[in-house]
Amino acid sequence: MSQLKEKILSKVNKPTLSALATITEDGKPWVRYVTPMADENLTFWMATFIHSRKVAQIRKNPEVHLTVGVSDMETAESYIQVQGKAEILTDTETKRAVWYDHLKNIFSGPDDPNYCVCKITPYRIEYQTMGPVAPEVWEG
């Protein structure tokens with residue numbers, strides 16, 4: 001595994017508070033907090049409500065942008081910017097694979113009909129160290 005890929009994965013190896021931007025029906029950006037995780041292929045996964053605005057926006061325009069990695073400015077060292085294509089998945093296998101215990105505060109379980117999964121396949125990830133330095137770039 002490349003050193004850059006390891007650094008990227010260290011930012012999202014557990015659910016991490018992040019900002020996800022989608023495009024609204026009238027072509028404007030919209031940002032909200034999400035808690036994605038990434039797998040070893042740098043695919044990002046997050047739970048969401050099937051009838052949410054983000055799901056409708058992704059179905060209309062799958063282009064998304066995700067910012068991950070800073071929860072405290074005093075200890076922040078780096079963050080990542082992710083450009084990718086999102087898709088909404090509702091199959092039982094995916095829902096169970098993405099499920100983790102903290103979701104039980106929001107959904108009744110992995111079979112909850114309101115629960116679905118957003119999958120983001122990145123085509124560009126920038127790993128940015130704090131300070132005036134150029135980011136390291138991964139492209140898929």
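What the table shows:
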read-out: The chain pair-distance distribution - Cα-Cα, 5 Å bins, rounded %; value: 2, 10, 20, 22, 20, 15, 8, 3, 1, 0
read-out: Partner lysines for residue 104 [C-alpha distance under 16 Å; skip if fewer than 8 residues away on the same chain]; value: 95
read-out: Net charge contributed by nearby residues that have their C-beta within less than 14 Å of residue 24 (K/R +1, D/E -1); value: +3
read-out: Projected-area mean, region 12-60, by convex hull of Cα positions, square nanometres; value: 3.6 nm²
read-out: Value of D in µm² per second that Stokes-Einstein yields for region 80-130, Kirkwood Rh from Cα pairs, at 37 °C (0.692 mPa s); value: 260 µm²/s
read-out: Test item: Cα-centred dipole of region 73-122, Lys/Arg +1 and Asp/Glu -1 on Cβ, debye; value: 140 debye
read-out: Cβ-Cβ FRET estimate between residue 30 and residue 102, R0 fixed at 25 Å, reported to 0.05; value: 0.55
read-out: Gain on full stretching of the segment that runs from residue 85 to residue 114 - 0.36 nm per residue minus C-alpha separation; value: 8.2 nm
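Readers should treat all values here as calculations from the given coordinates under stated rules, not as data from a laboratory. Note that the structure is a prediction, hence the values are computed from the model and not measured. Note that each Cβ is placed from the backbone with ideal geometry, even for glycine, and that neighbours are counted across all protein chains shown.
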